[in-house]
Amino acid sequence: MQLGTRWNVGAIAPTTLPDAVLAAIARVESELAGVETTGWRWTLTWLEGRPVLELDDGTTIRVGHDGLVTVEDAD
């Protein structure tokens, strides 16, 4: 695992991420409309060369071996 970076909800995500991941981030953030997210951050790590993003509430975005992007909602 390789550490990537962290950024605030609503800020610009790293441009090195695939377009499908950027779209997933935008979708998750749009679903948070009306939720107080001040101070919430995304954490990006790389696992086997693929991005894994976790939001402070536990929502996780992953890119699978097949290239498909999945979003796992926080429990």
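The numbers here are math on the coordinates, done by the rules we state, and not lab data. A quick note: this is a predicted structure, and the numbers were derived from the prediction, not measured. With ideal geometry, Cβ positions are generated from the backbone for all residues, glycine too; neighbour counts draw on all protein chains shown.
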#### Entry: GluC sites (Glu not before Pro) restricted to DSSP loop in the chain with at most 12 other C-beta within 10 Å
Glu36, Glu48
### the chain, helix-only ellipticity at 222 nm - DSSP H runs n ≥ 4, -39,500 (n - 2.57), divided by all residues, nearest 500
-5500 deg cm²/dmol
### Message
Can you sort Ile25, Ile12 from fewest to most other Cβ atoms within 10 Å of each residue's own Cβ?
### Response
Ile12, Ile25
## Note on the structure
Averaging 1/r across every pair of distinct alpha carbons in the chain and inverting yields a Kirkwood hydrodynamic radius, in angstrom, of 12.5 Å
## Note on the structure
Least to most buried among Leu47, Leu22, by other C-beta atoms within 10 Å and fewest first, runs Leu47, Leu22
### Query
Fewest first, what order do Val69, Val35 take by the number of other Cβ atoms within 10 Å?
Val35, Val69
